[in-house]
Structures are given as C-alpha cells and as structure tokens.
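Colleague: Let me give you the structure first, and then I'll get to my questions.
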Amino acid sequence: MHIYTDPKELQRQCLFWRREGLRVGLVPTMGYFHAGHLALMDCARKQCDRLVVTLFVNPVQFGAGEDLDKYPHDFDGDKDKAESKKVDALFVPMSRDMYAPDHATWVEVPELATHLCGASRPIHFRGVCTVVAKLFMLTQPNVAVFGQKDWQQLAIIRRMVRDLDIPVEIVGHEIVREADGLALSSRNTYLTEEERAAAPAIRQGLLKLADKVRGGERDADKAAAFLAEEYARTLPMGRPDYITLVDPDGIRPVKAIEGPVLAAVAIQMGKARLIDNILIEV
Ligand code: PAF
C-alpha cells in the first residue's frame, strides 16, 4: 500500500491506472476506521482493480462549535486496517494542500440539504459535496462506495453526480451495526458507558416505527410523534435533533405515506450526535 499526501501525485497515479484500463474504486472516509469502513472497502475491492481510500477530516463540512478539533483519529491503526484490506493507495492530505488560501469554488445541492441534518448543519453538505467532487477529480474512480447511515449525504452525492454528469458509479452500502443494533460510527467513541448502554434504543425505536407503518399508519406526523414518545420513554437521556419521515430520493418531508419512506433520526446523546435511519417499503 502506498500512502499519498500530495493530491497531484495521487491524481497522476490514478490517471495512469485509468489509462492502463484498470478499474479504480474509491472509499472516502474521515478515518478512525471501524467495521463499517472496512465493509465499504471490501465492497469497493470486489468491484475494482485498484482501491483508493481517502482519510481526510474535511474542515469545511464542520460548523462552528462542532467536533472538528476533537474528531477521533488513529493513523497507525487506520494504516494497518487499510493494509489488511489490500488498499492500493491511502490518501492522507493536509488541509492546506486540499484548500488554497483563496479557495473560492463550492459545490452544493441545496434542494436536498434543507431538511434532516442540513437544517441544523447549514454548511455541512456544501463542504461534503465540495470535497467529494475534489476527491472524484483527484482519484478518477469508476466506482465510489458510501454508507447508508448518512443517507442524506448519499442522496446528495447521487444527485450531484447525476446533475454534473460525473462518470462514477455510486454504490450505497447497508448500515453496519453492533450486535445490539447500534449503527457503527466513529462518534460512538464519545459515548459514556451509560449512554452506550442506552443507545441501541435508537434502532429499536426505528424498528417499532417501521412495524407501525407496515401495520397501516399512513400519517407521517403521527408516525414521527409515535417515535418521539417512544424515545422519551426508552431514551430519556437522548435529545432528538430531528425525527422525520422523508422521501428517500428528494429528502423532502412527507405528509401521507404512499410509497417508500425513509424514517431518519438524529439524537444528541451527551457529546455524541448519533444518526440512524430505516427505509420502509409500503
Ligand atoms: O461520510 C464521511 O465520512 C464524510 O462526509 C466524507 C464523505 C468522507 C466527506 O468528507
């Protein structure tokens, strides 16, 4: 595995691979790898000849007061894990090499960024789209794999790729969970023991909500209120940022449930803001 820090050097290598007719796969990450990241790497590995993993805590997707400075990191551990997954190139750039002091170009998909996480993190998805577009230009991937835990991010990236005719196939990978149902996240490390013990209630509530909708509930507001009550009972230490049912592609809140619907939640548990979702087919 080769470690690249210089964006242009990585780009030269990826352009060379593409000229040689090799299929390049990309897994963009912010590091602190857990089994979820490793599953994305396995998934990409199966679909490409050369696997590039990027490890960059992208400052422009963090708002003031968010956890940019505290974001967990373990470069040596990540390097070993990437090596074990037969990653060909691990890209670990410095922020100053990704963003010139007079960086002035932004990519955004505001229509899909209004609700869910976009409501409380107004600059987040602009930062995500901009860095992902840059990573696509640098690595020239045939295929890129993202986790479905960040469903809104995945929907936004799909829309960006469609609208800008970026020649990359986007693959969404199912959420990887702990045995007790908690979705894996680098931010789970912020949880205290007590919060960690309570956190599986997030998934349990979503499963109950899905049962309710499958059982005939068609009023999205009532379904969301049901889940809010459920959390008030089972997760009193959690502070919901949102509990919303949206259409899975356009990320717009739905009123009447008439087709597939995504129930998405963000719950503040102490220092950790945890997100999870469930796609409900009716
Ligand atoms: O999902 C993430 O880890 C980040 O948002 C991403 C896609 C690597 C962009 O910084």
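Coordinate-derived values only; no laboratory data. All of these numbers come straight from a predicted model, not from anything done at the bench. Here the Cβ is made from the backbone with ideal geometry for all residues, glycine too, and neighbour counts use every protein chain on show.
Colleague: May I ask what percent, to the nearest 5, of DSSP beta bridges between residues of the chain are antiparallel?
Modeller: Of the beta bridges lying entirely in the chain, close to 50 percent run antiparallel.
Colleague: Across the chain, how many lysine pairs, 8 or more positions apart or on different chains, have C-alpha atoms separated by under 13 Å? Please give the number.
Modeller: Qualifying lysine pairs in the chain: 6.
Colleague: So how strong a dipole does region 1-131 carry about its Cα centre when Lys and Arg Cβ are +1 and Asp and Glu Cβ are -1, to the nearest 20 debye?
Modeller: The calculated dipole for region 1-131 is roughly 480 debye.
Colleague: Starting from 0.36 nm per residue, how many nanometres of slack lie between residue 233 and residue 165 once their C-alpha separation is accounted for?
Modeller: Here the segment from residue 233 to residue 165 would lengthen by 19.8 nm.
Colleague: Taking amide H positions as placed 1.01 Å from N in the peptide plane, with prolines and chain starts having none, which residues 5 or more places from residue 176, or on another chain, fall under 5 Å of its amide H?
Modeller: 184
Colleague: Now a separate question. Between exposed trypsin sites (Lys or Arg not before Pro) in the chain, where DSSP calls loop and at most 16 other Cβ atoms lie within 10 Å, what's the longest gap?
Modeller: Value returned for the longest uninterrupted segment is 87-217.
Colleague: Pick out, in residue order, every one of the chymotrypsin sites (Phe, Trp or Tyr not before Pro) in region 74-168 that is DSSP loop and has at most 14 other C-beta atoms within 10 Å; say none if there are none.
Modeller: Answer in residue order: 106.
Colleague: In µm²/s, what is D for region 192-256 at 37 °C and 0.692 mPa s, where D = kT/(6 pi eta Rh) by Stokes-Einstein and Rh is the Kirkwood radius from Cα pairs?
Modeller: My calculation gives 261 µm²/s for D.
Colleague: Can I ask one more? Under the rule a/c < 1.5 gives rounded, and otherwise a/b versus b/c splits prolate from oblate, where does region 144-228 land using the Cα gyration tensor?
Modeller: Cα axes put region 144-228 in the oblate bin.
Colleague: Quick query: amide H of residue 274 versus all other amide H atoms, modeled in the peptide plane; which residues come in under 5 Å with a sequence gap of 5 or more or a different chain?
Modeller: 267, 268, 269
Colleague: Can you give me the distance in nm between label points at residue 193 and residue 178, each placed 7 Å from the Cα along the Cα-to-Cβ direction?
Modeller: Taking the two extended label points, one gets 1.3 nm.
Colleague: Would you pull out the residues with amide H under 5 Å of residue 219's amide H, same chain only if 5 or more places away, H placed 1.01 Å from N?
Modeller: Placed amide hydrogens put 257 under 5 Å from residue 219.
Colleague: Using Stokes-Einstein with the Kirkwood hydrodynamic radius over Cα pairs, what translational diffusion coefficient do you get for the chain at 25 °C and a viscosity of 0.890 mPa s, in µm²/s rounded to a whole number?
Modeller: 125
Colleague: Choose one answer from 195, 169, 258: the residue with the largest mean-square fluctuation in a GNM of the chain with alpha-carbon springs under 10 Å.
Modeller: Greatest mean-square fluctuation among the candidates belongs to 258.
Colleague: Apply the Kirkwood formula to region 74-123: the hydrodynamic radius equals the inverse of the mean of 1/r over all pairs of different alpha-carbon atoms; give it in Å with one decimal.
Modeller: 14.5
Colleague: Rounded, prolate or oblate: which fits region 50-181 when a ≥ b ≥ c are the square roots of the eigenvalues of the alpha-carbon gyration tensor, with rounded for a/c under 1.5 and prolate only if a/b beats b/c?
Modeller: Rounded shape, in that the Cα axes give a/c under 1.5.
Colleague: Then there is this: Among 62, 161, 115, whose Cα lies farthest out toward the positive end of the dipole of the chain, if unit charges sit on the beta carbon of Lys, Arg (+1) and Asp, Glu (-1)?
Modeller: So the residue furthest toward the plus end is 161.
Colleague: With +1 assigned to the C-beta of every Lys and Arg and -1 to the C-beta of every Asp and Glu, and no other charges, what is the dipole magnitude of the chain about the Cα centre in debye, to the nearest 20?
Modeller: The dipole of the chain has a size of about 340 debye.
Colleague: If I model a spin label as a point 7 Å beyond the Cα along the Cα-Cβ vector, how far apart are those points for residue 255 and residue 8 in nm?
Modeller: About 5.6 nm, to one decimal.
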